[in-house]
Amino acid sequence: MAGRAIPAEIHGGGRFLLRRRDFTPAYLKAHEDGRLRDKVEEALAHLGPSCRACPRLCKGVDRRANQYGVCKVGRHARVASAFAHFGEEDVLRGWRGSGTIFFSWCNLRCVFCQNFETSQLGEGEELDAWGLAALMLSVQDQGCHNINFVTPEHVAPQIVEALPHAIRMGLRLPLVYNTSAYDSLESLRVLDGLVDVYMPDFKLWDGGASRLYLSAVNYPEVAREVIAEMHRQVGDLKADEDGLALRGVLVRHLVMPGRLSDTREIIDWLAARWRDTYLNLMDQYYPAWKAKTNPRFADINRRVTRPEMTQAIAMAHAAGLWRLDDRWREVSF
Ligand code: SF4
């Protein structure tokens, strides 16, 4: 847990401090006041008769009958792995790790996906609501600081369905919804009052690039809409006395090679609305999956350069964003 002092961008002189004793996970409150039961019903209704769990709106696909659409997931979620993740942001990994539950398949088709075995080839195990709840408890029992649902867009109903079981089993950790931002507003409205931390990765601003690289021409509009909704629900990111995220929005942006114009637009859009956005500008892009082999994607078949990253950070500062994520905690394993 050693490391330098908690940096100013975490607590902002106390403005973004949420004391642990004043915090109750949102889903526990919803359970106590009886709202969770209705939310489960509402969420499951999104699965059919035509699935509307995500913006693909797969017409005629009834996932209640185990049919599947673009995301290839039927009635039950599929999980690739669950573990204490020490590679996430310091506000999530803390010193005992972020309790990551990594869902299989995806509703996007990112040609550069660095987890394509999971997202595009579907490696993993199918779990019903009880199984998913038990998995949440297993990472809680490992001492993790939060439950971190990775690639949850297409299984938001199944997550909501599992929550009452997990609560009965003793779940008490904050929930982190770690998403590509290709979510449906309907799903987000069900998640309102259940999720503590939203972590959208706003990937691309340009529709043509989104069509080419993500197979989703409407991605930028959807991402803008859902990030605004996430912000309406939980506001700017707040952390406890130890610098662990408890509530709010943490925006990620994977800087892409040769695409600083998208970076600039995304930064300017965020800065114009929420100057106190907690932002992680990520530098770990490398060409994977089809970006590595298909000449159609030659423009992104390289790593991001140091000058590109320097420029991205300078853009954020120039736009007035000041809560930029940085490594500050030393974690010993
Ligand atoms: S969650 Fe899957 S089946 Fe449902 S609309 Fe999205 S891609 Fe289609």
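The values are calculated or read from the model by the stated rules, or taken from the named source; none is laboratory data. On a predicted model such as this, the values are computed, not experimentally measured, just so you know. Cβ placement follows ideal geometry from the backbone for every residue including glycine, while neighbour counts extend to all protein chains displayed.
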* Is there a residue being without any contact (Cβ under 8 Å) to a residue 40 or more places away in the chain and basic (K, R) anywhere in segment 300-316? -> yes
* To do: Tell me, please, whether a residue that is surrounded by 19 or more Cβ atoms within 10 Å (Cβ to Cβ) and either among the basic types (K, R) or within 14 Å of the ligand (Cβ to nearest atom) (or both) can be found in segment 138-150.
  => no
* To do: Kindly establish whether P25 is modelled with pLDDT of 95 or more and more than 16 Å from the ligand (Cβ to nearest atom).
  => yes
* To do: Give me the pairs, please: first residue somewhere in segment 102-114 and on the phi > 0 side of the Ramachandran plot and at pLDDT 95 or above, second residue anywhere and within 16 Å of the ligand (Cβ to nearest atom) and in a loop (DSSP other than H, G, I, E, B), beta-carbon distance under 6 Å, and either six or more positions apart or on two chains.
  => W105/C71; W105/K72; W105/V73; W105/G122
* Structure fact -> segment 105-194: helices (runs of 4 or more DSSP H) wholly inside it with 1 or more residues that are under 17 Å from A223 (Cα atoms) are 156-169, 185-191
* Asked: Can you name the condition, by its number, that P25 falls short on among (1) surrounded by 21 or more Cβ atoms within 10 Å (Cβ to Cβ); (2) out of contact with any Leu (no Cβ under 8 Å at 6 or more places or on another chain)?
  -> (2)
* Asked: Out of curiosity, is A53 closer than 15 Å to A156 by Cα, in a helix (DSSP H, G or I), in contact with a helix residue (DSSP H, G or I) (Cβ under 9 Å, 6 or more places away or on another chain) and within 16 Å of the ligand (Cβ to nearest atom)?
  -> no
* **Scan of segment 59-88 for residues that are in a loop (DSSP other than H, G, I, E, B), away from the ligand (no atom under 11 Å from the Cβ) and crowded, with 21+ Cβ neighbours inside 10 Å, ordered by number** => E88
* Are any of the residues in segment 282-290 among the charged types (D, E, K, R) and within 23 Å of L185 (Cβ to Cβ)? -> no
* To do: From the list V249, V226, pick out the single residue that is in contact (Cβ under 8 Å) with a residue 40 or more places away in the chain and not in a helix (DSSP H, G or I).
  => V249
* Cβ-Cβ under 8 Å pairs, at least 6 apart or on other chains, segment 46-69 side in contact (Cβ under 8 Å) with a residue 60 or more places away in the chain and within 23 Å of T179 (Cα to Cα), far side more than 6 Å from the ligand (Cβ to nearest atom) and of a type in the set (D, E) -> H46/E186; L47/D62; R52/E186; A53/E153; A53/E186; C54/E153; C54/D183; P55/D183
* Asked: Which residues, taken from segment 116-156, are polar (S, T, N, Q) and either touching a Cys at 6+ places or on another chain (Cβ under 7 Å) or without any contact (Cβ under 8 Å) to a residue 24 or more places away in the chain (or both)?
  -> S119, Q120, T151
* To do: Answer with yes or no whether R96 is surrounded by fewer than 20 Cβ atoms within 10 Å (Cβ to Cβ) and either within 14 Å of the ligand (Cβ to nearest atom) or among the β-branched types (V, I, T) (or both).
  => no
* From L36, L44, L17, grab the single residue that is out of contact with any Phe, Trp or Tyr (no Cβ under 6 Å at 6 or more places or on another chain), more than 30 Å from R96 (Cβ to Cβ) and among the hydrophobic types (A, V, I, L, M, F, W, C). => L44
